[in-house]
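The values are calculated or read from the model by the stated rules, or taken from the named source; none is laboratory data. These numbers were taken from a predicted model, which means no experiment stands behind them. So basically every Cβ, Gly included, is an ideal-geometry build from the backbone, and we count neighbours across all protein chains shown. The area values use the complete protein model at the heavy-atom level, side chains included, leaving out ligands, DNA and RNA. Shrake-Rupley method; radii C 1.70, N 1.55, O 1.52, S 1.80 Å.
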Amino acid sequence: MFEAIKLRMYFAKIQAELKAQYNDQAFVNRVCQLPNIMEQLDEIRTKAYYKGQKIAPFLNVCFVLGEAMESDLLTLEDRAICAGLLAQRLEKASSDPHFRLRHIMIFGDLENKVSDWAAKNA
């Protein structure tokens, strides 16, 4: 039972982080509660190298946006919002080269996703 409470708190932090960037609770729910994303976040919560760090919610929302913008379960409009929000986060990460380099594998993959998405949906 304690694990279930911890998992709910973890999801709430991620949703709060995204809502701080985009103030639309319905959008946040649609994106964060996709079944495949929730499954993967449960695994990330326990196995990510950055778990427990202050930056974890930022990185987790980057992951959520990257997955959501490729999901067929969302409308094209929602996916476009995800791509835009992710691009903003990647720009913020690029403003701190040390931070970006520390998490280059994550950001490199996400930059490719945004680039591919933009090319397909231009």
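Ignoring everything except DSSP H segments at least 4 long, calculate the 222 nm mean residue ellipticity for the chain; use -39,500 (n - 2.57) per segment, divide by total residues, nearest 500.
-25500 deg cm²/dmol
Give the Kirkwood hydrodynamic radius (Å, one decimal) of the chain, defined as one over the mean of 1/r across all pairs of different Cα atoms.
Working: mean 1/r = 0.0680 Å⁻¹.
Its Kirkwood hydrodynamic radius stands at 14.7 Å.
Length gain on complete extension for the stretch Ser115 to Met38, per 0.36 nm per residue less the alpha carbon to alpha carbon distance?
So the chain would gain 25.3 nm between Ser115 and Met38.
Considering the options Ile37, Ile5, Tyr22, tell which one lies farthest towards the positive end of the dipole of the range 1-104, charges being +1 on Lys and Arg and -1 on Asp and Glu at the Cβ, about the Cα centre.
Looking along the dipole axis, the top candidate is Ile5.
What is the spin-label model distance, in nm, from Leu101 to Gln53 if the labels are put 7 Å beyond Cα along the C-beta direction?
1.4 nm
Taking the Cα centre of the chain as the origin, how large is its charge dipole in debye, to the nearest 20, when only Lys and Arg (+1) and Asp and Glu (-1) carry charge on their Cβ atoms?
500 debye
Counting other C-beta atoms within 10 Å, and keeping those with at most 13, which DSSP coil chymotrypsin sites (Phe, Trp or Tyr not before Pro) do you find in the range 18-121?
Numbers: sites: Tyr22, Phe27, Tyr49, Tyr50, Phe58, Phe63, Phe99, Phe107, Trp117; in loops: Tyr22, Tyr49, Tyr50.
Of the chymotrypsin sites (Phe, Trp or Tyr not before Pro), the ones in loops of the range 18-121 whose Cβ has at most 13 other Cβ atoms within 10 Å are Tyr49.
Which is the longest stretch in the chain that no exposed loop site breaks, taking sites as trypsin sites (Lys or Arg not before Pro) with a DSSP loop state and at most 15 other Cβ atoms within 10 Å?
55-122
What accessible area per residue, rounded to a whole number of Å², is obtained for the chain using a probe radius of 1.4 Å?
Counting only protein heavy atoms, the per-residue value for the chain is 60 Å².
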